[in-house]
Amino acid sequence: MNLSSRLNLSHTSERADMAAAFRWTARMDMHEAVANHFSLAVNDDGSRFLINPFARHFSRIRGSDLLLIDANDPDTLKRPDAPDPTAWGLHGALHRNCPHARCVMHVHSIHATVLASLADSRLPPIDQNSAMFFNRHVVDESYGGMAFESEGERCSRLLSDPKVKTMIMGNHGVLVIGDSVADTFNRLYYFERAAETYIRALQTGRPLRELPDDVAEKTAREWEDYPSTAPQFLRDLRAILDDEGSDYAA
């Protein structure tokens, strides 16, 4: 992309936030080679969204690299810069069918994917972090292959309830949604941490101390009422990248 094209890009702030999330996901080793994808709606009904280009490593993505596509455009995959077809299938369906899903992040991070591989893939409330997701995640138990359009449509129906913002994709990985890049990346980060705690607790072979339902629900609501630190988290991640001279925002 030439300089004049970069200068004429829209949604520069949103692009920079997205690029920072990509870079930090790579740094935390939560990415999958040049696969996996994040998207962000940029219009009122959520149908137009930014998404990472096909086969670009998360650690190299810049704001100007992100594609702007329309969930209602059937010719999207005919574009010369067409996105990954599974990204189109999954994220296109979500942005068409779930307008509350302003930002969508899908990864095959290690601990979330281990959880998705268990016969019972629910995340039990065994600590304060995992209680954040109590009654607020759904397990997809009907994996039907790679997330092309029909599979994406099926998955989108599992997130029709705005209260449910995390989907454990059985035999696949995890997908989280949110109101913004900061909100969604914060949820992705905490889910992976909670999944790691649970997997490590299982590895001890000792009984788990699971919170009673009423305490878990109370804690989940307290998380929702707690002053959000997600914007500050993303702000500081961007500051670290800026201090290092990263070109993520370019």
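No lab work stands behind these numbers, since they all come straight from the coordinates. All values reported here derive from a predicted model rather than from experimental measurement. Heads up, the Cβs are rebuilt from the backbone with ideal geometry, glycines too, and the neighbour counts pull from every protein chain shown.
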**OP:** Just report the Cα centroid separation between region 71-85 and region 229-245, whole Å.
**Re:** 32 Å
Original post:
Whole-Hz Karplus ³J(HN,Hα) for region 111-122, in order, using 6.51 cos²θ - 1.76 cosθ + 1.60 and θ = phi - 60°, x for Gly and Pro?
Top reply: 6, 5, 6, 4, 4, 5, 8, 7, 4, 10, 9, 5
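For the chain, what does -39500 (n - 2.57) per DSSP helix run (n ≥ 4), summed and divided by total residues, give at 222 nm, in deg cm²/dmol to the nearest 500?
It comes out at -13000 deg cm²/dmol, rounded to the nearest 500.
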**OP:** Would you mind classifying the chain by shape? Square roots of the alpha carbon gyration tensor eigenvalues, ordered a ≥ b ≥ c; an a/c under 1.5 is rounded, otherwise it is prolate if a/b is larger than b/c and oblate if not.
**Re:** prolate
Original post:
Under the Karplus relation 6.51 cos²θ - 1.76 cosθ + 1.60, θ = phi - 60°, what is the ordered set of whole-Hz ³J(HN,Hα) values for region 189-196, x standing for Gly and Pro?
Top reply: 4, 5, 5, 5, 5, 5, 5, 5
Subject >> DSSP bridge pairs, region 3-243: antiparallel proportion in percent, nearest 5 >> reply: 85 percent
Original post:
What percent of all Cα-Cα pairs in region 22-95 falls in each 5 Å bin, counting up from 0?
Top reply: 3, 17, 30, 24, 17, 8, 2
Original post:
Working out 0.36 nm times the residue gap between Met146 and Thr12, then minus their Cα-Cα distance, what length gain in nm do you get to one decimal?
Top reply: 45.1 nm
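Treat region 117-250 as a sphere of radius equal to its Kirkwood radius over Cα pairs and apply Stokes-Einstein at 37 °C in a medium of 0.692 mPa s; give the translational diffusion coefficient in µm²/s, rounded to a whole number.
For the chosen part, D equals 198 µm²/s.
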**OP:** Would you list, by chain and number, the aspartates and glutamates whose Cα falls below 15 Å from the Cα of Lys165, excluding same-chain residues fewer than 8 positions away?
**Re:** Asp140, Asp179, Asp183, Glu192, Glu224
Subject >> Overall Cα dimensions of region 1-143 - principal axes, largest extent first, Å >> reply: 52, 31, 24
Subject >> Cβ crowding within 10 Å averaged over residues, with 25-33, 92-100 ranked highest first >> reply: 92-100, 25-33
Original post:
Sorted by packing (mean other beta-carbon atoms within 10 Å per residue), highest first, where do 181-190, 240-249, 205-214 land?
Top reply: 181-190, 240-249, 205-214
**OP:** Just need log10 I(q)/I(0) for region 86-142 at q = 0.13 Å⁻¹, Debye formula, equal scatterers on the alpha-carbon atoms, no solvent, rounded to two decimals.
**Re:** -0.44
